[in-house]
Structures are given as C-alpha cells and as structure tokens.
Amino acid sequence: MLRICGLGIYNKLDADVVALLRGSDIFLERYTFRISDGQLREIEEAIGKRIVELDRGSLEERAGEFVRKASDKDIALLVGGDPLIATTHKILYLEAIGVGVKIEVVHSSSIFTAAIGESGLDFYRFGEVCTIADWKEGYRPVSFYDKLSCNFGNNMHTLILLDYDSVQARSMDHKEALRIMLDAESSKAKGIISRESMLIVMTDIGSDGMRLLYKRVNELLDMDLDYGMCCFILHAELSEIEKEMLGIMCGLRA
C-alpha cells in the first residue's frame, strides 16, 4: 500500500497517523514546502524510524518506479499541506491506480483554507488562486494578472501565492513579487494594482512567528520581512463584517 500523508501547515502528524505509519517505509518530499531539520527529527522520533528524503527527480521523473515499491510493502510519503493539491502528488495517485497498487490519502490542513481563515475574509467571496513566479531572463509570466483582473471584475478576493525556492527554503522576496505585480500593471493597464493599493501580507502561517500585515503597496516595498513562507491577499470590496474581522486579525497577528 502507498499512503500519501499530509503534514498540514504545522508539519505535524497526530497520534493516530503516527501509529499507522510505524509499520511503513517512510519517505519525505521536501521541495514543495518548508520543514526544518528540527521538525523532521521530531517526526522521526515520534514514529521511531528514519525518514528518507526524496529529490525532485525521484518523484517527477521516476514516479512509476517509486509507486511499484508499494506493490509488496507499505510505503508512506509525507508531503506538506494537504495531499493531492500539488500536481506531483496527483501523478503518484494516478500511477498507483494504473498499476493496481492500493493507495490511501491522509488529509491535513492547507494554506488555501488557513490563509483565508486567518484573514477573516469570507471564503465564498474568493475567486481563482494565482501564483507569482520568479521572473528570469526570457521568462516573465503574467498569467497571474489575468486571474487578478477576472476576480476583480467579479468583485472577488484573490489569494496570491509566491514562488517557492526549495534551495533557500523560503518564498520569493515579497518586494520582488510586488515589483512584478506593478510591472504587469504597467503593461496591462487595467487598474488592478498600484502603489496605493491595500494588500494583506501573511507570513509563516501556522507558526509561532506568523504575521499578518495590512498595508499599502508602497509601505510594503519599504519593509524588510524575515520569513520562510509568504502569501498575499488582494481583496475586493469588503463587507462590514469582513472589515471588522480583518482589523481584529491584523491586530492579533501584526
């Protein structure tokens, strides 16, 4: 059997899951999320066995080979957040179904619900999520802007994820992400974002050091923030309850 187990936004497993995994060979996919060496050691101590870290190629290029290991033994793959959100994990699921390997998914918390909940905004008023990719020479994607524009036109909020650097174990610099947003606005000119726009910035959700900032873009461009994971929310028109909740949440998490 292959189990894909989510570590949630806290990088923890509850007691029932720990007991379930003790008879399995356990692997960790570390390149789509941030987990400290200390957190990894805690999980190993709880389960009572060593966890083998997999590189990107082991899953994306040799998914079939990995899945076939579960044909005659129990294998568990630990992943960040909630399983089956990342395409890599969906590929493993499909591979297992295709070769007749029994598969089980252990769900957990996700950035998608945690960020929305911590903001205090109405879940039902969010449109499509978008990601700002790190620009490089010859690679300057602006598809995120089209999603922002669509959501804005429908008076819906947007959760904006920032590109994740697995080598640095952190999201892209928030200032660089803001500059990319402003450059896209300069090119597309639909009036979605400006230096005067109010933006929610959330860092290290689920950790003791979590922060929630609600400031103008020009203020955020002048701030140096120490974080591992970061995301934005560009909100549409706020209801009275959302205004009150956002003010309280910012006060708690500033």
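So the values come out like this:
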item: Members of segment 132-160 found to be among the hydrophobic types (A, V, I, L, M, F, W, C), crowded, with 19+ Cβ neighbours inside 10 Å and under 17 Å from Cys230 (Cα atoms), listed by number; result: Ile132, Phe144, Leu159, Ile160
item: Residue list for segment 2-42, filter: touching a Ser or Thr at 6+ places or on another chain (Cβ under 6 Å) and not in a loop (DSSP other than H, G, I, E, B); result: Gly6, Gly8
item: Complete set of residues in segment 58-116 that are among the β-branched types (Val, Ile, Thr), part of a helix (DSSP H, G or I) and surrounded by 15 or more Cβ atoms within 10 Å (Cβ to Cβ); result: Val67, Thr88, Ile91, Ile111, Ile116
item: Tally, over segment 117-131, of residues that are charged (D, E, K, R), crowded, with 18+ Cβ neighbours inside 10 Å and part of a loop (DSSP other than H, G, I, E, B); result: 0
item: Residue satisfying condition, being farther than 19 Å from Asp134 by Cα, touching a helix residue (DSSP H, G or I) at 6+ places or on another chain (Cβ under 7 Å) and surrounded by fewer than 21 Cβ atoms within 10 Å (Cβ to Cβ), within set Met223, Met245, Met249; result: Met249
item: Residue that is among the polar types (S, T, N, Q) and at pLDDT below 90, where the choices are Ser36, Ser71; result: Ser36
item: Criterion violated by Thr203 - all others in (1) polar (S, T, N, Q); (2) surrounded by fewer than 18 Cβ atoms within 10 Å (Cβ to Cβ); (3) modelled with pLDDT of 95 or more satisfied; result: (2)
item: Residues of segment 43-57 classified as exposed (fewer than 12 other Cβ atoms within 10 Å of the Cβ) and part of a loop (DSSP other than H, G, I, E, B), total; result: 2
item: Number of the condition not met by Met249 [criteria: (1) in a helix (DSSP H, G or I); (2) in contact (Cβ under 8 Å) with a residue 60 or more places away in the chain; (3) over 20 Å from Ser110 (Cα atoms)]; result: (3)
item: Subset of segment 226-238 [modelled with pLDDT of 95 or more and either under 22 Å from the mean Cα position of the chain (by Cα) or surrounded by 12 or more Cβ atoms within 10 Å (Cβ to Cβ) (or both)]; result: Cys230, Cys231, Phe232, Ile233, Leu234, His235, Ala236, Leu238
item: Scope segment 168-197; condition modelled with pLDDT of 95 or more and over 21 Å from Ser143 (Cα atoms); matching residues; result: Glu196
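A quick yes/no check of all residues on (1) closer than 17 Å to Gly117 by Cβ; (2) touching a Lys or Arg at 6+ places or on another chain (Cβ under 9 Å):
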{"site": "Arg140", "(1), (2)": "no, no"}
{"site": "Leu159", "(1), (2)": "yes, no"}
{"site": "Ser187", "(1), (2)": "no, no"}
{"site": "Thr203", "(1), (2)": "yes, yes"}
{"site": "Met210", "(1), (2)": "yes, yes"}
{"site": "Lys215", "(1), (2)": "no, no"}
{"site": "Asn218", "(1), (2)": "no, yes"}
{"site": "Met249", "(1), (2)": "yes, no"}
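The values are calculated or read from the model by the stated rules, or taken from the named source; none is laboratory data. Not measured: the values here are computed from a predicted model. A quick note on method: Cβ atoms are made from the backbone with ideal geometry, for glycine too, and the neighbour counts reach across all protein chains shown.
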